[in-house]
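Report on the structure given below.
The values are calculated or read from the model by the stated rules, or taken from the named source; none is laboratory data. All values reported here derive from a predicted model rather than from experimental measurement. Cβ coordinates were reconstructed from backbone atoms using ideal geometry, including for glycine residues, and neighbour counts include every protein chain displayed. What goes into the accessible areas is simple: the full protein's heavy atoms, side chains included, and nothing from ligands, DNA or RNA. Shrake-Rupley method; radii C 1.70, N 1.55, O 1.52, S 1.80 Å.
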Amino acid sequence: MFEPTMIIAGASLVGLTIVAAALLRAWYGWLALKRQELERHHTGTEERETGSSVGAARIELADLKERIKKLEAIASGVDL
């Protein structure tokens, strides 16, 4: 009737098809997630340009100043 080799080959082909379909579905899900992140990021930049987060800008500026001080200390050879 059926040889064991044919049964193994058929089962392998079915298994490979299932794995490929699952990976394709995961790929489409990942692409949808990245699209949502890009859309969210795009709307976030519009809010930032209008100046609605002045406090956050001050905190970021203070952080940058602190980083500059640390880099200057490293450049001059002082350990913090």
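Each residue in the range 31-61 was checked for being open to solvent by less than 70 Å² (accessible area, probe 1.4 Å) and modelled with pLDDT of 90 or more, and 2 of them qualify. Cβ-Cβ distances below 6 Å connect no pair with a first residue in the range 12-39 that is in a helix (DSSP H, G or I), a second residue that is exposed (fewer than 10 other Cβ atoms within 10 Å of the Cβ) and modelled with pLDDT under 95, and a separation of six or more residues or different chains.
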